[in-house]
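Trainee: This structure is in structure tokens; I'll ask about it shortly.
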Amino acid sequence: MRRIKYLLFFIGGLVVICLALIAIVLVTFDNDDYRRLVTRSVKFFTGYSVTIEGPFSLQLSTAPSLSAEVIQFHPGDDGSPPPVTTIGKLHIQIALKPLLMGVLLIRHLLVEDVFMAVTIEEDAKPDDGRVSTGRAAPDIEIPIMESVRLRNIHLDVIDAAADRTVEIRLRNFEIDDIRDTGPLFINGEGSVSGNDFKIDGRLGALAAMLRGAEPFPVNLDLTSSGFNLAVSGTVEDMLNG
């Protein structure tokens with residue numbers, strides 16, 4: 001028993017020492033160190049190279065935040081182009097406590113001057129001529145966004161099979177929730193292939209979405225090129241729906 005007790009003390013002390021070393025490293029890092037860490041992480045996880053030419057700041061706290069400007073993405077080692085080429089400005093702040101419970105809660109997200117291109121390839125077919133149905137997509141947890149501001153977003157959706165490109169321009173889009181308890185207000189405007197649109201409305205409270213104890217209210221109004229689409233009702237389970 002005494003040996004087991006010493007072993008447990010040793011393991012506990014080792015964990016404390018490791019956490020202390022990590023804390024010391026994080027404290028001694030400056031923004032340039034974090035900038036290099038982010039660029040290497042992007043390269044490791046995506047295969048694409050990234051450069052951050054503007055100001056960069058990483059703040060570590062119970063609500064850590066990241067700010068960066070003039071972000072450029074470059075082709076990977078295989079020459080494949082990245083889906084995002086440029087981000088003019090990025091600021092994101094998340095809540096740490098919900099993240100420990102498996103919920104990504106984004107307190108603030110600001111993204112400006114983004115250029116993106118997504119190519120939709122023709123569905124692949126197996127050798128026997130049958131259409132492949134593919135495997136079911138894994139469950140993906142949708143992040144909870146409290147305050148979102150998107151400005152000047154350029155997205156080109158390239159349909160290779162139909163040989164056409166859909167140009168989506170988002171001039172302004174905002175989602176705002178006041179103190180986690182009020183409704184999520186939504187407002188945005190942009191265009192799709194030259195056709196202007198506006199969207200306005202609100203969703204239920206963020207706290208109600210996290211609880212999932214009652215149907216989640218949805219009220220949206222979309223106007224584009226002389227027609228109006230209104231959606232009003234509830235969703236039984238917003239997170240898994």
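The values are calculated or read from the model by the stated rules, or taken from the named source; none is laboratory data. Fair warning: this is a prediction, and the values are worked out from it, not measured in the lab. No Cβ is skipped: glycine too gets one built from the backbone with ideal geometry, and neighbour counts run over all protein chains shown. Ligands, DNA and RNA are excluded from the accessible area calculation, which covers all protein heavy atoms including side chains. Shrake-Rupley method; radii C 1.70, N 1.55, O 1.52, S 1.80 Å.
Trainee: For Val70 paired with Phe115, estimate the spin-label separation in nm (one decimal), with each label point 7 Å from Cα along the Cα-to-Cβ line.
Mentor: Output for this residue pair reads 1.5 nm.
Trainee: Taking all protein chains as present, what is the carbon and sulfur share of the accessible area of the range 49-101, in % to the nearest whole number, probe 1.4 Å?
Mentor: Numbers: 1870 of 2970 Å².
Answer for the range 49-101: carbon and sulfur cover 63 percent of the accessible area.
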